[in-house]
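For reference, the structure is listed below as structure tokens.
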Amino acid sequence: MPKPYLHDELFEINDNLNPILNEIGPYQYLSIDNFYKRPDDIHQMLSESWTPSFKISERGYNFKDYYDCRAVFPIQHDTIEYLKNIPILKNKFENPDFNEIYSNTFSWINVPSPNCQFLPHEDENLNVLVYMDKIGSGGTALYENYKYMPHHVENIDIRYNIEELKYHVIPSEFNKCVIYNGRIPHGGYIEDHNQYTNGNWRHNLVYFFNN
């Protein structure tokens, strides 16, 4: 049965939020607890919606060893009004081309070894990530000694052995927003891969701002 919703209501941001500056290794990031007013409704939508594949290739492993999916939602004006008042984002709205929210929806088909994580990458943006994952096993890894690979590698396989890399993990917490420089080598991090299989999914939402 279709379930209609108004975007500005479903993705409405809480009032009087308190951004906190955190240090992790050599890096800094902002965290904002209790970000959305209706996180359970958003989680239900992400959990029950059909979601298209992301970065798939005939030679790749998506939909063979794992499900890596992404949906796109148009952004609401109130989100921009809130985020542009966060100090680190104040100068990001002179030429706004920022009008979408991206979902990351992931689950394993074949569970990998513990050292296998998401392929580290860099973005030409400031990343605003909201954890919508109620399992919360892991978060986001920021890497110190990773040599950048082109993004097209992700079309084949998002898995990467991080055993020899130095990294720091921003812990996932349901409905928490974290903001960090996308030029820092980073990637999703799962502490216990077995938590994300057999119908259990990892969810987050991301906004990108030009640096």
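Summary of computed values
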read-out	value
Boolean, Y131 is at pLDDT 95 or above, within 18 Å of N181 (Cα to Cα) and either surrounded by 14 or more Cβ atoms within 10 Å (Cβ to Cβ) or among the small types (G, A, S) (or both)	yes
Sole residue being closer than 26 Å to E23 by Cβ, modelled with pLDDT of 95 or more and open to solvent by 70 Å² or more (accessible area, probe 1.4 Å), chosen from E163, E173, E144	E173
Boolean, I42 is surrounded by 11 or more Cβ atoms within 10 Å (Cβ to Cβ), in a loop (DSSP other than H, G, I, E, B) and either modelled with pLDDT of 85 or more or touching a helix residue (DSSP H, G or I) at 6+ places or on another chain (Cβ under 9 Å) (or both)	no
Residue, modelled with the highest pLDDT, within segment 118-128, restricted to residues that are out of contact with any Asp or Glu (no Cβ under 7 Å at 6 or more places or on another chain) and among the aliphatic types (A, V, I, L, M)	V128
Count - residues of segment 1-33 that are in contact with a Leu (Cβ under 6 Å, 6 or more places away or on another chain) and assigned to a loop (DSSP other than H, G, I, E, B)	1
Residue that is over 16 Å from the mean Cα position of the chain (by Cα), over 19 Å from N204 (Cα atoms) and open to solvent by 60 Å² or more (accessible area, probe 1.4 Å), where the choices are N22, N16	N16
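The values are calculated or read from the model by the stated rules, or taken from the named source; none is laboratory data. Everything numeric in this text was worked out from a predicted model, so none of it was measured. All Cβ positions, glycine included, derive from the backbone under ideal geometry; neighbour counts span all protein chains shown. Calculation scope for accessible area: heavy atoms of the full protein, side chains included, ligands and nucleic acids excluded. Shrake-Rupley method; radii C 1.70, N 1.55, O 1.52, S 1.80 Å.
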